[in-house]
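Single-structure report; data block below.
The values are calculated or read from the model by the stated rules, or taken from the named source; none is laboratory data. The structure presented is a predicted model; accordingly, all values stated were derived computationally and were not measured. All Cβ positions, even for glycine, are placed from backbone atoms using ideal geometry, and neighbour counts span all protein chains on display.
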Amino acid sequence: MSETKSGSAARVDPKLLEILVCPLTKGPLRYDAAAQELISERAGLAYPIRDGIPIMLVDEARTLDADSAHPTQAHPAQTSGSGYSGGAGH
């Protein structure tokens, strides 16, 4: 008889969280328990956690909105326009 912990099936081992890094940037991850995701703010990606197992594949990750990726780092120099980010322009 295999015992399953119904309340903690989706929980991630804290020791595992300490050693996991983003596979793309090798940077730190933030655990979002409510969304069951590991957030890489550097990469702007959210890796899903399914049945308590982090899915650390870039192809499976959700792209974060600019607001949710860096909520405290606003870009005050942003200008409205067509979205062109090329040269200085005239």
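With the requirement that a residue be closer than 17 Å to Ile53 by Cβ and either in contact with a strand residue (DSSP E or B) (Cβ under 7 Å, 6 or more places away or on another chain) or in contact (Cβ under 8 Å) with a residue 60 or more places away in the chain (or both), what does region 17-34 give you? So that I can check it myself, show each step before the final result.
Residues of region 17-34 that are closer than 17 Å to Ile53 by Cβ, as a first pass: 17-23, 29, 31-33.
Passing the criteria: Leu17, Leu20, Cys22, Leu29, Tyr31, Asp32.
Scan region 51-63 residue by residue and report those that are part of a strand (DSSP E or B) and within 14 Å of the chain's Cα centre (by Cα).
Of everything in region 51-63, those that are part of a strand (DSSP E or B) and within 14 Å of the chain's Cα centre (by Cα) turn out to be Pro54, Arg62, Thr63.
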### Query
Residues in region 14-28 that are at pLDDT below 95 and charged (D, E, K, R): how many?
2
